[in-house]
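**Q** What follows is a single structure, and I will ask about it in a moment.
The values are calculated or read from the model by the stated rules, or taken from the named source; none is laboratory data. Computed from a predicted model, the values in this text were never measured in an experiment. Neighbour counts are summed over all protein chains in view; Cβ atoms, including those assigned to glycine, are modelled from backbone coordinates with ideal geometry.
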Amino acid sequence: MTATPAELAALIPDGATLALAPDYSGCSLATIRELVRKGASGLRLVGLPQLGLQADLLIAAGCVAGVETAAISLGELGLAPAFDRAWRAGSVTVTESTCPAIHAGLTAAEKGVSHLPLAGVIGSDLVGLRPDWRLGPDPFTGEPGLLVPAIRPDFLLFHAAVADRSGNVWIGVR
């Protein structure tokens, strides 16, 4: 199946959870433009694992209600200005995470399980900010463990140069 950016944007309803690739890895800016053009609203963005230009454009257009991400910036260009304004105004909710926690949550969803364990975040202040993360002993070692719930976005948006009708996608050399 081939689709135009406008046709892809039409598939994403208001209020959907949309996972976005990082700026260095396959942005689909044409589809972002179409989401803005159609007046999308209430979107919840998940950074893979961080957010950048795509998110800032959607936030600037008022399309976003919340983000879950390890970071949001424009890299060497500095802060993401629309995000910064929206966050300060309280118009966008932020669910703070880490790169490993987001990858664990997405991996759990991919594997069809409710959660995955993660150790590296234990002891950080972030654990206290995430009531959906659970602390408990590792059943095999008894050591402290953190359970990160599956992250199940409604859509994952990325650009790839080559794909086939069977769903195989060539992301690139990275």
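**Q** Give the residue that is nearest to GLY39 (Cα to Cα), with candidates limited to residues of the stretch 61-109 that are hydroxyl-bearing (Ser, Thr, Tyr) and under 14 Å from the mean Cα position of the chain (by Cα).
**A** Only one residue fits best here, namely THR93.
**Q** Name the single residue, out of those in the stretch 51-60 being under 16 Å from the mean Cα position of the chain (by Cα) and surrounded by fewer than 22 Cβ atoms within 10 Å (Cβ to Cβ), that is nearest to ALA9 (Cα to Cα).
**A** Among residues in the stretch 51-60 that are under 16 Å from the mean Cα position of the chain (by Cα) and surrounded by fewer than 22 Cβ atoms within 10 Å (Cβ to Cβ), the one nearest to ALA9 (Cα to Cα) is LEU57.
**Q** Now for a different question. Considering only residues that are touching a residue at least 60 places away in the same chain (Cβ under 8 Å) and part of a strand (DSSP E or B), which ones fall in the stretch 147-164?
**A** Hits for the stretch 147-164 are PHE155, LEU156, LEU157.
**Q** Please go through (1) surrounded by 13 or more Cβ atoms within 10 Å (Cβ to Cβ); (2) at pLDDT 95 or above for GLU7 and return the number of the only condition it doesn't satisfy.
**A** Every condition holds for GLU7 apart from (1).
**Q** Residues of the stretch 26-37 being surrounded by fewer than 19 Cβ atoms within 10 Å (Cβ to Cβ) and more than 17 Å from LEU48 (Cβ to Cβ), which ones?
**A** Correct list: ALA30, ARG33, VAL36, ARG37.
**Q** May I ask you to say which residue of LEU57, LEU106 is in contact (Cβ under 8 Å) with a residue 60 or more places away in the chain and part of a helix (DSSP H, G or I)?
**A** Result: LEU106 is the single residue among LEU57, LEU106 that is in contact (Cβ under 8 Å) with a residue 60 or more places away in the chain and part of a helix (DSSP H, G or I).
**Q** Please give the number of the condition GLY120 fails out of (1) touching a helix residue (DSSP H, G or I) at 6+ places or on another chain (Cβ under 9 Å); (2) assigned to a loop (DSSP other than H, G, I, E, B); (3) within 23 Å of ARG44 (Cβ to Cβ).
**A** GLY120 satisfies every listed condition except (3).
**Q** Cβ-Cβ under 7 Å, sequence separation 6+ or interchain: first residue in the stretch 80-100 and buried (at least 19 other Cβ atoms within 10 Å of the Cβ), partner hydroxyl-bearing (Ser, Thr, Tyr). Which pairs?
**A** ALA80/SER73; SER97/THR69
**Q** Within the stretch 121-149, how many residues turn out to be hydrophobic (A, V, I, L, M, F, W, C) and within 16 Å of ALA108 (Cβ to Cβ)?
**A** 5
**Q** Of ASP23, ASP14, which residue is assigned to a loop (DSSP other than H, G, I, E, B), touching a strand residue (DSSP E or B) at 6+ places or on another chain (Cβ under 9 Å) and surrounded by 17 or more Cβ atoms within 10 Å (Cβ to Cβ)?
**A** Matching residue, one of ASP23, ASP14: ASP23.
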